[in-house]
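Below is one structure, written out as structure tokens; the observations come after it.
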Amino acid sequence: MPPGIELEVCELTKRYSPQVSVGPISFEVQQGEFFSLLGPSGCGKTTTLRCIAGFETLTGGSIRLHGERLEDKPPHRRDVGLVFQNYALFPHLTVFDNIAFGLRLRRLGKAEIADRVGGVLQLVDLAGMAARFPAQLSGGQQQRVAIARSLVLEPRILMFDEPLSNLDFKLRIQMREELRNLQRRLGKTSIYVTHDQTEALALSDRIAVLSHGRIEQIGTPAGIYERPATAFVAQFIGSSNMLRGRIVERGEAGTIVATETGLRLCCGPEPGGEIETAEVSILLRPERIQLEAPGGTAMPGQNRVSARIADVTYLGEDLHLSLDLAGGERLRASVKNANAARGWAPTQSVELVVAAADLRLLSG
């Protein structure tokens, strides 16, 4: 295993039936990295996590932790900690006893148990709550107990299975920040499963996007958002406008694409060299659209497209607009509220200004 690699998953496959399977999936996780498995329900991310933890038996492939194979080891010998979606706390045990449970199974002495439990309670800001029961805690506090129960065992890898999904919106944001800060302080290698793209973007050093049991793309949050490898990733990560078109010209200024309704757009350089197929998808993020009054002149490397505002949604900090193009396409734009003074309103004619570099081409 190369230096710096904590976990190596190679060709992991889990087959439930000829029609239902996960994999083959391969990825590596660096020491101290926060790595997320992101995708819709049923894509295989939790199955992958359970295979690493030892709760599912592999059909094929291998898993190595710090160079050591894990496939034949039972879960309690794998040196990984798993925080479940529902926390799985024992309701009849105190916070102290919940956290100490795994240590007692390892037959540690009372003094060492007290010392280690006290240490993690301090770490997760629950000092003074050792005698409480789970029912006496808030959702965020219960989550911290679940994290502490894993941390106290000092695993090489900490794994999370949708741990914030049961929390309300504000608490989810708060706990997201606390979880990331805790992981950075500890430098603990972490694998995080979620279907929430915002969570993955906010927490992760790198993300693996899964679909139908396969990895679509692995990259940093910025890399996946700015340079999606496939149409699925482009639509799953962030809000997106997708147009279908055909490449009609290539030149120094960029690639000219004609949409299905005849709209001609100048797009930036094609990722990874020229796309082999003429049929392409065009990705445009809503926040990359500028709105101006009609009558402007296009500058080099810029597209100007006439449109009519169909709807305006006021969201305080942002305005979300639905825009109808002459050919029938509908696009979404997101503009900061600082621009609301222009008075954008339904039925108003506008021009969309889009830089060629902000139009990304995807094959197929």
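Remarks
- Residue within region 142-149 that is farther than 25 Å from GLU6 by Cβ and free of Cβ contacts under 8 Å to residues at least 12 places away in the same chain present: no
- Any hit, region 183-192, residues being under 30 Å from ILE5 (Cβ atoms), β-branched (Val, Ile, Thr) and touching an Asp or Glu at 6+ places or on another chain (Cβ under 6 Å): yes
- The one condition from (1) modelled with pLDDT under 85; (2) in contact with a strand residue (DSSP E or B) (Cβ under 7 Å, 6 or more places away or on another chain); (3) β-branched (Val, Ile, Thr); (4) farther than 28 Å from GLY223 by Cβ that ILE309 does not meet is (1).
- Residues of region 118-132 that are at pLDDT below 85 and either touching a His at 6+ places or on another chain (Cβ under 7 Å) or in a helix (DSSP H, G or I) (or both): LEU123 alone.
- Among the residues examined, ARG15 does not qualify as out of contact with any helix residue (DSSP H, G or I) (no Cβ under 8 Å at 6 or more places or on another chain) and closer than 23 Å to LYS188 by Cβ.
- Residue check for THR198: of a type in the set (Ser, Thr, Tyr) and in contact (Cβ under 8 Å) with a residue 12 or more places away in the chain: no
- Selection within region 198-224 - within 17 Å of SER239 (Cα to Cα) and either in contact with a strand residue (DSSP E or B) (Cβ under 9 Å, 6 or more places away or on another chain) or surrounded by 23 or more Cβ atoms within 10 Å (Cβ to Cβ) (or both): GLU199, ALA200, LEU201, VAL209, PRO221, GLY223, ILE224
- The lone criterion from (1) buried (at least 19 other Cβ atoms within 10 Å of the Cβ); (2) over 18 Å from SER363 (Cα atoms) left unmet by VAL233 is number (2).
- Test: LEU164 is of a type in the set (A, V, I, L, M), buried (at least 21 other Cβ atoms within 10 Å of the Cβ) and either in a helix (DSSP H, G or I) or in contact with a Lys or Arg (Cβ under 6 Å, 6 or more places away or on another chain) (or both): yes
Residue by residue, here is whether (1) assigned to a strand (DSSP E or B); (2) on the phi > 0 side of the Ramachandran plot; (3) in contact (Cβ under 8 Å) with a residue 40 or more places away in the chain holds:
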site	(1), (2), (3)
CYS10	yes, no, yes
SER36	yes, no, yes
CYS51	no, no, no
HIS76	no, no, no
ASN86	no, no, yes
HIS92	no, no, yes
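- Residues within region 262-296 that are modelled with pLDDT of 75 or more and hydroxyl-bearing (Ser, Thr, Tyr), tallied: 1
- Wholly enclosed strands (runs of 3 or more DSSP E) of region 307-364 bearing at least 3 residues within 27 Å of the chain's Cα centre (by Cα): 318-325, 330-336, 360-363
- Exclusive hit being more than 18 Å from ILE147 (Cβ to Cβ) and touching a helix residue (DSSP H, G or I) at 6+ places or on another chain (Cβ under 7 Å), set GLU71, GLU112, GLU6, GLU56: GLU56
- Flag for GLY42 being at pLDDT 90 or above, in the same structural domain as GLY187 (by TED's automatic domain parsing), in a loop (DSSP other than H, G, I, E, B) and of a type outside the set (A, V, I, L, M, F, W, C): no
- Members of region 230-261 found to be touching a helix residue (DSSP H, G or I) at 6+ places or on another chain (Cβ under 7 Å), more than 22 Å from ALA326 (Cα to Cα) and modelled with pLDDT of 90 or more, listed by number: VAL233, PHE236, ILE237
- Residues that are among the β-branched types (Val, Ile, Thr) and closer than 16 Å to LEU283 by Cβ are absent from region 337-348.
- Flag for LEU126 being among the aliphatic types (A, V, I, L, M) and surrounded by 15 or more Cβ atoms within 10 Å (Cβ to Cβ): yes
Rundown of residues vs (1) surrounded by fewer than 20 Cβ atoms within 10 Å (Cβ to Cβ); (2) of a type in the set (D, E, K, R), yes/no style:
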| position | (1), (2) |
| --- | --- |
| GLY61 | yes, no |
| GLY67 | yes, no |
| LEU70 | no, no |
| PRO74 | yes, no |
| GLY81 | no, no |
| THR94 | yes, no |
| PHE101 | yes, no |
| ALA111 | yes, no |
| ASP115 | yes, yes |
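- Taken over region 136-157, the residue count meeting the criterion of being in contact with a Lys or Arg (Cβ under 9 Å, 6 or more places away or on another chain) and either modelled with pLDDT of 90 or more or in a loop (DSSP other than H, G, I, E, B) (or both) is 7.
The values are calculated or read from the model by the stated rules, or taken from the named source; none is laboratory data. Everything numeric here is computed off the predicted structure, so don't read it as measured data. Quick reminder, even Gly has a Cβ in these numbers, built from the backbone with ideal geometry, and neighbours come from all protein chains shown.
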